[in-house]
Amino acid sequence: MKEKEKLAAAYAAKRAEEEEQSKRLGGRILMMLTKLENDSTPKEYSTSGLEVGPARTRILSSQVAYNHTLTNLHLSRSNIGEDEGAEVAKILYNNTTLRKLELEGNMLGTKAAKEFGKALRVNKTLLFLDLESNQLVGDGDENPGLIDLISALETNKSLISLNLGNNKLEQPIGVHIRTMLEKNTTLIDLEIGFNNFTLADVRTS
């Protein structure tokens, strides 16, 4: 099968999964999605601790992207992986209302880190981003996804709080963080604890 056909088949399978999950939606999630679509949400929603699933995460992300009432979204410990994490990051391309996004304790990985880097170069309204405990680095010293995320903050003018704690970040990432902090003028709260470098390393490297 040709590459284009494989991609088309994968996309069709995802769409079919989302349509099936949409039919099965009930209770809290259905109410949440309905309110998102109608711009009638409260300011804050949380699915923290609930395993929403890949298809529902994609559906949720597509609705939040164009919502104008939600300001705080908590998706911590929801078993969100790389592909779905990238979809969550894409919310920030279009959404201009969300102020806080919490994703602590998922498995976003390097792919989502890269997508957040792209999104933070575009988004001008997000203030708080929590990516603690998300396996943001891959094997070896090459971590372009996370470096893209950190580099985006050299020009981002809105984010004031970022949590990168407990992601097994090494000294080279600390150097990139130090360089970013020399250029960033708005970030006032940066959590980098429980990684493999210290604030002293960042200051003196």
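The values are calculated or read from the model by the stated rules, or taken from the named source; none is laboratory data. Being a predicted model, the structure only gives us computed values, none of them experimental. Quick reminder, even Gly has a Cβ in these numbers, built from the backbone with ideal geometry, and neighbours come from all protein chains shown. Protein only, heavy atoms only, side chains kept; ligands, DNA and RNA dropped before computing areas. Shrake-Rupley method; radii C 1.70, N 1.55, O 1.52, S 1.80 Å.
Identify all residues within segment 90-101 that are open to solvent by 40 Å² or more (accessible area, probe 1.4 Å) and under 10 Å from the mean Cα position of the chain (by Cα); write none if there are none. Answer for segment 90-101, where residues must be open to solvent by 40 Å² or more (accessible area, probe 1.4 Å) and under 10 Å from the mean Cα position of the chain (by Cα): just Lys90.
Filtering segment 108-162 to residues that are hydroxyl-bearing (Ser, Thr, Tyr) and within 20 Å of Asn94 (Cβ to Cβ) leaves Thr125, Thr155, Ser158.
Inspect segment 7-23 for any residue being modelled with pLDDT of 85 or more and either of a type in the set (Lys, Arg) or not in a helix (DSSP H, G or I) (or both) and give the result as yes or no.
Quick first cut of segment 7-23, residues modelled with pLDDT of 85 or more only: none.
Within segment 7-23, none of the residues are modelled with pLDDT of 85 or more and either of a type in the set (Lys, Arg) or not in a helix (DSSP H, G or I) (or both).
Among the residues of segment 73-89, which ones are in a helix (DSSP H, G or I) and over 10 Å from the mean Cα position of the chain (by Cα)? Scanning segment 73-89 gives a single hit, Asp83.
Name the residues in segment 118-130 that are surrounded by fewer than 20 Cβ atoms within 10 Å (Cβ to Cβ) and either without any contact (Cβ under 8 Å) to a residue 24 or more places away in the chain or not charged (D, E, K, R) (or both), would you?
Filtering segment 118-130 down to residues surrounded by fewer than 20 Cβ atoms within 10 Å (Cβ to Cβ) leaves 118, 121-122, 124-125, 127-128.
Scanning segment 118-130 gives Val122, Thr125, Leu127, Phe128.
Within segment 132-140, is there a residue that is closer than 19 Å to Arg178 by Cα, part of a loop (DSSP other than H, G, I, E, B) and within 11 Å of the chain's Cα centre (by Cα)? Yes, because at least one residue in segment 132-140 is closer than 19 Å to Arg178 by Cα, part of a loop (DSSP other than H, G, I, E, B) and within 11 Å of the chain's Cα centre (by Cα). Across segment 131-157, which residue is farthest from Thr71 (Cα to Cα) among those that are open to solvent by 10 Å² or more (accessible area, probe 1.4 Å) and of a type in the set (Gly, Ala, Ser)? The residue in question is Gly140.
The single condition among (1) in contact with a strand residue (DSSP E or B) (Cβ under 6 Å, 6 or more places away or on another chain); (2) in a loop (DSSP other than H, G, I, E, B) that Leu126 does not meet is (1). Remark: pairs (first residue in segment 173-187, in contact (Cβ under 8 Å) with a residue 24 or more places away in the chain and charged (D, E, K, R); second residue open to solvent by 50 Å² or more (accessible area, probe 1.4 Å) and assigned to a helix (DSSP H, G or I); Cβ separation under 8 Å; 6+ apart in sequence or on different chains) = Arg178/Arg203.
Comparison of Glu115, Glu104, Glu87 shows that the only residue that is buried (at least 22 other Cβ atoms within 10 Å of the Cβ) and either touching a Ser or Thr at 6+ places or on another chain (Cβ under 7 Å) or among the acidic types (Asp, Glu) (or both) is Glu115. Here is the figure for segment 66-84: residues that are open to solvent by 40 Å² or more (accessible area, probe 1.4 Å) and under 16 Å from Asn134 (Cβ atoms) total 4.
Candidates are the residues of segment 185-197 that are assigned to a loop (DSSP other than H, G, I, E, B), under 14 Å from Leu127 (Cα atoms) and not hydrophobic (A, V, I, L, M, F, W, C); the one that is modelled with the lowest pLDDT is Thr185.
State whether the residues of segment 43-60 include one that is closer than 26 Å to Leu169 by Cβ, outside any helix (DSSP H, G or I) and either of a type in the set (Ser, Thr, Tyr) or at pLDDT 95 or above (or both). So far as segment 43-60 goes, yes, one or more of its residues are closer than 26 Å to Leu169 by Cβ, outside any helix (DSSP H, G or I) and either of a type in the set (Ser, Thr, Tyr) or at pLDDT 95 or above (or both).
I need the full set of residues from segment 39-61 which are surrounded by fewer than 19 Cβ atoms within 10 Å (Cβ to Cβ), over 17 Å from Leu103 (Cβ atoms) and in contact with a helix residue (DSSP H, G or I) (Cβ under 9 Å, 6 or more places away or on another chain), in order please. Residues satisfying the conditions are Ser40, Pro42.
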